[in-house]
Amino acid sequence: MISMQRMPLLVLAPDVAERIAAGEVIERPVSVVKELVENALDAGAHDIRVELRGGGLRLIRVTDDGYGIPENELEHVSQRHTTSKITTVEDLSRLQTLGFRGEALASVTAVAEVELISRAIETEDVGEEQSALQITVRGGEITHRSRRARPHGTTVTVRDLFYNVPARLKFMRGARTENNHVLQLLRRYAVGYPSVRFNLTLDEHVALQTGGSNDLIVTLAELYHLPLHEMLYPVEISDGAHYRIHGLVGNRVLAQNSRQYVTLFINGRWVQSRVLQDALEQGYRGLLPKGKHPLLVLFLDLPADEVDANVHPAKTEVQLVYEEQIVAALSQAVRTVLEHSPALPEATHFPGPVLANQRRLPGPRRRGLHIAESAEGYRAEQAPPGTAEVITSLRPLAQLQQAVILAEAPDGSLYLVDQHRAHERVIYEHLRHTNAGSQSDEVMDAHLLLEPVMIEMKRHQADLLEQRLPMLRGLGLECERFGGRSFLIRSVPTSEGNEQLVAHLNELAEIAAEDSPDWEDHLLIGLACRSAMRRGRELSMGEQVTLLRALANVAAPAVCPHGSPILLYYSRTFLIDKFDW
Ligand code: ADP
Ligand code: MG
């Protein structure tokens, strides 16, 4: 039996209360690193070095070149609710900093030994400090105080994390797991702040290093050791008042099996909002194979009083005043990129961290080009690949295996176009347009079959199908109930492929009778796929041109309705690189 004996009401002793409060902020080593790195960023640092030993339980050290902490304040920064970032409640709505609670250092000192070394930068208020002050805090007491030489900035060293919270220590995984959390965190900050140099050392091995180039493409290349410039599309949208969205969205080749590379920052703060994540996923639904997620880094700049960052203790959730508009804009941004992004010839496997034996960056070696310069060259050349402008200007050269059109772009890059998928996409968009307009009087032209086709449905399908007959009619599929569970199909949509279609009427009727909210789209895809020209059909030059023109006019020329690539793209820089020109 559970003991129901109640203890008398007591106020918790300060050291117990401290450790409980600390537990909410400091869950594991990565929480310490997060707080210390955010403090460094808030202090305007350009160079942030993070060092870990023993997965962070033995030692975590963060060194920055920020504005430092004045001598007379150093002893007080680790007291709870001590902050230099806000003073009034109103300040919360004009927040420019990552921190504001004044709790992090207090929490860390409650569960570890903390050594602070800081030298403040000279300002009007703070005179020049000759040296840095160093203090050590353990168990709430200052145990050591001394002076040291160092330039302005702060170093915080955290030793013996959770030494006084054995219960928490038990939950720690191995050093590898903790290191990995820290690595992922640092990667996020590195892309979030490309103008800051980051360095992460794990047990004396450099695990991550960025140059602070302030160029996101370069930073990503530094993090992932890939020449990513041709695979990233810049995004820049704004409504001029409530939001600006900018950053990079990776093309289909960079699609990954996890959401880990979907990174979103709101006013410099990394967020993991369910709503925004859904908005992004909505944007790439149907444009990437199931289970794949794009690599993207997007920055959302919003007026400070239209974001509430104060809702979640770890501060990764946010509330937005103009959420609906922002959600729509985010979806659209991702969608636009993926609808136009052709596939690249080499599948790119995204490497995880390259800890030891760092690979050299592949790239245009002979010219000694650094990746940033080749990225510049690339951008200067051309409209982005896959856009209507580029596809319209493609000049067909030949047909390969009676399945693929080879075409040259004006800048000398080569496109391979899958004729079946291209045609399928063109038909699909036409059908979708017609279907959307069917409330008015737009209907597909119908091709009357010489002999109507009779199909048999199951009972539950028959009723659903009957309800949907008007919609089918709008698409050129004239169909009527012929008593019981039988239906007669009298016409199919007019297209070159209508003979092909007849052989698939049974399948299509099954789709039209699907008990799923997506049945309409499935039907359009089914119709498009089954009437599109097959591979194995020879196309004249004229037909190739017509197909490319039609493709240039659709909204998503790069991806077939099933989410597979239509275009394969060998850029000019790719040819230069591979041929060593
Ligand atoms: P908060 O960041 O919410 O203010 P913290 O406990 O993280 O709370 O830090 C308390 C204060 O210590 C900060 O407001 C800041 O004044 C000072 N501080 C902490 N770390 C640094 C740093 N790396 N550089 C300069 N000042 C710092
Ligand atoms: Mg802080």
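General remarks:
- Of the residues making up the range 382-410, just one is in contact with an Asp or Glu (Cβ under 8 Å, 6 or more places away or on another chain), exposed (fewer than 15 other Cβ atoms within 10 Å of the Cβ) and at pLDDT below 95, namely Ala383.
- The listed residue being small (Gly, Ala, Ser), closer than 30 Å to Val390 by Cβ and in contact with a Ser or Thr (Cβ under 8 Å, 6 or more places away or on another chain), out of Ala532, Ala528, Ala552, Ala556: Ala552
- Hits in the range 565-580 - residues which are hydroxyl-bearing (Ser, Thr, Tyr) and either in a strand (DSSP E or B) or in the same structural domain as Ala255 (by TED's automatic domain parsing) (or both): Tyr569, Tyr570
- Test: residue in the range 329-345 that is crowded, with 17+ Cβ neighbours inside 10 Å, at pLDDT below 70 and farther than 30 Å from Ile26 by Cβ: yes
- Applying the set (1) under 28 Å from the mean Cα position of the chain (by Cα); (2) loosely packed, with under 15 Cβ neighbours inside 10 Å; (3) within 16 Å of ligand 2 (Cβ to nearest atom) to Arg94 leaves exactly one unmet item: (3).
- Assessment of the range 138-154 against the conditions (within 15 Å of ligand 2 (Cβ to nearest atom), in contact with an Asp or Glu (Cβ under 9 Å, 6 or more places away or on another chain) and in contact (Cβ under 8 Å) with a residue 40 or more places away in the chain) yields at least one matching residue.
- Some residue of the range 517-535 being closer than 21 Å to Leu287 by Cβ, crowded, with 17+ Cβ neighbours inside 10 Å and touching a strand residue (DSSP E or B) at 6+ places or on another chain (Cβ under 7 Å): yes
- Any hit, the range 165-174, residues being out of contact with any Lys or Arg (no Cβ under 7 Å at 6 or more places or on another chain), assigned to a strand (DSSP E or B) and of a type in the set (A, V, I, L, M, F, W, C): no
- Residues located in the range 137-159, provided they are closer than 15 Å to Asn72 by Cα, among the polar types (S, T, N, Q) and away from ligand 1 (no atom under 12 Å from the Cβ): Ser146
- Here the range 126-137 is the region considered, the condition is being assigned to a loop (DSSP other than H, G, I, E, B) and in contact (Cβ under 8 Å) with a residue 40 or more places away in the chain, and the residue that is farthest from ligand 2 (Cβ to nearest atom) is Glu129.
- Checked against (1) within 16 Å of ligand 1 (Cβ to nearest atom); (2) assigned to a loop (DSSP other than H, G, I, E, B), Tyr189 passes all but a single condition, namely (2).
- Subset tally (residues that are more than 15 Å from Val114 (Cα to Cα), of a type in the set (A, V, I, L, M) and either surrounded by 15 or more Cβ atoms within 10 Å (Cβ to Cβ) or within 16 Å of ligand 2 (Cβ to nearest atom) (or both)) for the range 12-36: 3
- Qualifying residue in the range 71-87 (condition: crowded, with 22+ Cβ neighbours inside 10 Å, β-branched (Val, Ile, Thr), more than 15 Å from ligand 2 (Cβ to nearest atom) and in the same structural domain as Arg168 (by TED's automatic domain parsing)): no
The values are calculated or read from the model by the stated rules, or taken from the named source; none is laboratory data. Computed from a prediction, not measured in an experiment: that's the story for all the values here. Neighbour counts run over all protein chains shown; Cβ positions are idealised from the backbone, glycine included.
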